[in-house]
1. Using modelled backbone amide H atoms (1.01 Å from N, in-plane), which distant-in-sequence or interchain residues come within less than 5 Å of LEU20's amide H?
2. Pairs of Cα atoms under 8 Å, at least six residues apart: use those to get the relative contact order of the chain, whole percent.
3. Carbon and sulfur atoms: what percent of the 1.4 Å accessible area of the chain do they account for?
4. Local charge sum around ILE7 (other residues, Cβ-Cβ under 10 Å, Lys/Arg +1, Asp/Glu -1)?
5. Quick one: ranking ASP81, ASP44, ASP52, ASP34 by accessible area, 1.4 Å probe, largest first, what do you get?
6. With every protein chain left in place, what is the accessible area of THR93 in Å² (1.4 Å probe, nearest 10)?
7. With n ≥ 4 as the cut-off for DSSP H runs, can you work out [θ] at 222 nm for the chain, using -39500 (n - 2.57) per run divided by the number of residues, rounded to the nearest 500?
8. Using the heavy atoms of the protein chains alone and a 1.4 angstrom probe, what is the accessible area of the chain per residue in square angstrom?
Amino acid sequence: MNKIPGIRITIEGELEVIELEGGSILDSMYQAIDCELVQMIGLDCGVDAIFDEEGKYNGAQPNRRATHTVRSLGFQFFPGDSLSGSVVFLGHTAEGETVGLTEKQRKLITVAAG
């Protein structure tokens, strides 16, 4: 089974390299961020930030480091808005297919995360 490399930022601010199962990518996303409904923010650098759609409603803690990272990569939040819970970063193709992060994208996320 193919593995899709990504980066997860936990609510504690830990930056972790992870591998998701390519055959069941959606199930792997659910497990990686411990949720039942995922949401994606597509960033111009070919990266998606994947997070719990219901995180703010189910009591997940704000993820300041992931919010800072996504903001640093060009996403504009509404004032006072933030991401909650763990956030996974994966790549995407021009056709919208989820793929692993390239080395350049991993470095970009790491630098943006501070």
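The values are calculated or read from the model by the stated rules, or taken from the named source; none is laboratory data. The model shown is predicted, which means the values in this text are computed figures rather than measured ones. Here the Cβ positions follow ideal geometry from the backbone for every residue, glycine too, while neighbour counts run over all protein chains shown. Note: areas computed on protein heavy atoms with side chains; ligands, DNA, RNA excluded. Shrake-Rupley method; radii C 1.70, N 1.55, O 1.52, S 1.80 Å.
1. ILE4, GLY6
2. On the way: 222 pairs, mean separation 34.5, N = 114.
Dividing the mean separation by the residue count of the chain yields 30 percent.
3. Ligands and nucleic acids excluded, carbon and sulfur give 50 percent.
4. Once positives and negatives cancel, what remains is +1.
5. ASP44, ASP34, ASP81, ASP52
6. Roughly 40 Å² of THR93 is accessible to a 1.4 Å probe.
7. Values: 3 runs with 29 residues, N = 114.
Rounded to the nearest 500, the figure is -7500 deg cm²/dmol.
8. Numbers: 6490 Å² over 114 residues.
I get 57 Å² per residue for this part.
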